[in-house]
Amino acid sequence: MTILSSIRVLEIEGIGPGPFCGMLLADLGAEVIVIERKGGASAEKAIYRRGKTVAPLDLKDPRAVDAIKTLVKNCDCLIEGMRPGVMERLGLGPDVLRTENPRLVYGRITGWGQTGPLANSAGHDINYVGLSGAAWYSGQVRDGHVAPAPPPTLVGDVAGGSLYLALGLLSGVIKARETGEGSVVDAAIVDGSAHMMNLLLTVKAAGAMVEERGKSMLDGGYFYDVYPCKDGKYITVGPLEPKFYAQLLDKLGLAGDPIFAVQYDQSKWDEARGRLGEVFASETQSHWRDLLEGTDVCFSPVLSPSEAADHPHMKARGVYETVGGILQAVAAPRFNGSPPTTPQEPSASTDAAVIALVNLGIDENEARALLS
């Protein structure tokens with residue numbers, strides 16, 4: 001896929017959301033050169049390296065620092081995920097690099113952001129979504145209480161972090177191409193994951209969500225939920241619209257039952273939800289797939305990644321592929337009706353790194369010396 005083929009990105013090695021953002025841009029055709037730590041831990045099986053050219057440099061070496069200053073002159077974007085102040089101490093902060101290239105979009109991704117009381121504290125996905133409010137409605141309430149259970153890395157690192165950084169970088173590139181002026185993108189996971197709450201906060205403002213977990217339509221208060229089946233597997237059901245709800249009742253043989261007569265009658269929710277749970281627990285997941293999948297009852301099974309890769313819908317769209325023995329999802333989104341291309345393994349050879357550095361303005365002999 002070449003939709004971003006005119007964009008060149010320099011990525012400073014990090015973990016999690018920064019590399020994921022670089023992968024997303026590479027998936028869509030951007031040229032991404034990742035500067036990895038020389039002699040660092042092997043990341044050969046890291047899916048986020050795909051489509052990138054890998055150049056191992058020692059950023060504590062003044063020659064490597066000078067090389068970065070040269071490289072950014074021919075780049076649109078830079079990605080870094082250090083704690084605030086680290087890149088400045090290396091002599092590679094945005095003030096320095098944007099002097100070298102005023103059009104540079106300098107992307108900074110952290111959990112807490114570049115400013116604020118927590119800016120220099122350690123943290124991970126679960127901490128950021130806990131603070132931002134994004135974890136509040138996660139998990140299921142059973143027997144009166146359950147702790148929130150946000151999905152690992154997805155809400156914070158990827159959705160609230162990588163995707164917001166990608167949007168910020170591309171927005172900055174558009175501005176730079178219009179005005180000649182770059183920008184510094186402060187992509188904080190707490191900001192992004194909080195921003196994602198605005199759709200749910202709209203529902204709350206309309207009076208349809210309360211802050212007591214498990215007491216509203218969208219967080220397990222009634223039918224919109226995950227249900228266990230007879231075989232220990234799970235299904236999801238979420239027919240919010242009355243016509244879809246009516247179809248579910250009809251499929252389950254519950255149409256006309258007074259408990260289910262009024263979809264939004266909260267006085268009946270506990271009893272009705274219990275009845276639904278009993279029904280779904282009486283048969284296997286495959287039974288419910290045969291009965292409900294492909295209808296308008298808003299249904300899906302809960303699948304593992306390997307099971308998802310084998311599902312007919314996912315196979316028809318080619319959502320997953322196995323490359324180099326590693327199961328991975330292909331690029332998204334899609335453009336002009338074309339299927340995404342097969343994920344490309346990283347170019348990690350010295351020759352590939354030399355070519356990438358030379359294309360960015362480094363002398364070939366100097367590039368080989370830096371990489372040796």
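Points to keep in mind about this one:
- Carbon + sulfur, % of accessible area of the range 232-372 - ligands and nucleic acids excluded, 1.4 Å: 51
- Under the combined filter of DSSP loop state and at most 11 neighbouring Cβ atoms within 10 Å, the range 33-112 retains these trypsin sites (Lys or Arg not before Pro): Lys45, Lys60.
- Protein heavy-atom accessible surface, 1.4 Å probe, per residue over the range 174-218: 57 Å².
- Stokes-Einstein diffusion of the chain at 25 °C, 0.890 mPa s viscosity, Kirkwood radius from Cα pairs, rounded to a whole number: 105 µm²/s.
- Positive-end residue of Val319, Ala206, Ile355, charge dipole of the chain with Cβ unit charges: Ile355
- Taking the charge dipole of the range 48-95 about its Cα centre, with +1 at Lys and Arg Cβ atoms and -1 at Asp and Glu Cβ atoms, the residue from Val86, Thr70, Pro56 reaching farthest to the positive side is Pro56.
- Computed on the chain, with alpha-carbon pairs under 8 angstrom and 6+ residues apart, the relative contact order is 17 percent.
- Estimated vicinal HN-Hα couplings, Hz - the range 185-193 in sequence order (Karplus 6.51, -1.76, 1.60; Gly, Pro = x): 9, 9, 9, 9, 5, 5, 5, x, 5
- The chain: most fluctuating residue of Gly16, Gly277, Gly111 per GNM, C-alpha cutoff 10 Å: Gly277
- Distant-in-sequence amide H partners of Gly182 (H built 1.01 Å from N, under 5 Å): Arg103, Leu104
- Label-point separation, Arg83 to Glu321 (7 Å along Cα→Cβ), nm: 4.0
- About its Cα centre, the chain has a charge dipole of approximately 340 debye under the convention of +1 per Lys or Arg Cβ and -1 per Asp or Glu Cβ, with nothing else charged.
- Near Ile79, the amide H atoms lying under 5 Å from its own belong to Leu10, Glu11, Ile12, Gly107; only residues 5 or more places off or on other chains count, and H is placed 1.01 Å from N.
- Here Thr350 and Asn120 are evaluated by their C-beta separation; at R0 = 45 Å the FRET efficiency comes out at 0.80.
- Across the cross-link table entries Lys52/Lys175; Lys38/Lys60; Lys215/Lys268, which are compared at the Cα atoms, the separations over 19 Å belong to Lys52/Lys175.
- A quarter of the convex hull surface defined by the alpha-carbon atoms of the range 238-372 gives 14.2 nm² as the mean projection.
- Loop-located chymotrypsin sites (Phe, Trp or Tyr not before Pro) in the range 195-264 (DSSP state not H, G, I, E or B) with no more than 15 neighbouring Cβ atoms inside 10 Å: Tyr264.
The values are calculated or read from the model by the stated rules, or taken from the named source; none is laboratory data. Note that the coordinates shown come from a computational prediction; the quantities given were computed from them, not determined experimentally. Counting neighbours? That spans all protein chains shown, and the Cβs are built from the backbone with ideal geometry, glycine included. Ligands, DNA and RNA are excluded from the accessible area calculation, which covers all protein heavy atoms including side chains. Shrake-Rupley method; radii C 1.70, N 1.55, O 1.52, S 1.80 Å.
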